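Below is the structure I would like to discuss, written out as structure tokens.
A short reminder: the numbers here are calculations on the coordinates, not readings from a lab. All values reported here derive from a predicted model rather than from experimental measurement. Quick reminder, even Gly has a Cβ in these numbers, built from the backbone with ideal geometry, and neighbours come from all protein chains shown.
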Amino acid sequence: MQHFDNASAGDIVLSIADRIIENRAYLSEIDGKIGDGDHGVNMAKGFGMAAERIRGNDVSLATALDTLGTVLMTEIGGSMGPLYGVMFTQFAETIETSPSIDAKTFSAMLTNGLEGVQAIGSAKVGDKTLLDTLVPAIEAFDGANADGKPFPEA
């Protein structure tokens, strides 16, 4: 598989939501080591609310990501809501007119999400933020593509 259809991929967000909800305690535990320990609770709440709105509807990946981003930005407080919300809405905007998602489109989606997060915050890699995972993930994905790895492997 070198691409997948945007129109039939909304369930990807449901799968992500399920993993976030399953790992809510762990996410809060690791957040408690450097923060206030509510990250897992807030993530599970936001992703759960978005999943309720998506589940049972035949939506594109772009629509599902936009729903997730909007819920996080408008209904979840703290710094997490706006940061993750912007990232997911940027993802959605990048792919909304793409009938098919290939490695190049996926990379553009990730990069635009990163740029959205960077536009509203002042964090840098090393500050123990979302950027510490997002930047290396994008670099690894793009590096694997440059090395000729298949899209699923990248």
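Using unit Cβ charges (K, R positive; D, E negative) and no other charged atoms, how large, in debye to the nearest 20, is the dipole of segment 4-138 about its Cα centre?
Taking the Cα centre of segment 4-138 as origin, the dipole is about 220 debye.
Another question about this same structure. Which peptide among 34-45, 141-152 comes first, and what is the full order, when sorted by highest mean count of other Cβ atoms within 10 Å?
By packing density, highest mean first, the sequence is 34-45, 141-152.
Can you classify segment 35-118 as rounded, prolate or oblate using the Cα gyration tensor, where a ≥ b ≥ c are the square roots of its eigenvalues, rounded means a/c under 1.5, and otherwise it's prolate if a/b beats b/c and oblate if not?
Oblate, since a/c reaches 1.5 and b/c is not below a/b.
Would the chain count as rounded, prolate or oblate if I go by the C-alpha gyration tensor, calling it rounded below 1.5 in a/c and otherwise prolate when a/b exceeds b/c, oblate otherwise?
Since a/c reaches 1.5 but b/c is at least a/b, the shape of the chain is classed as oblate.
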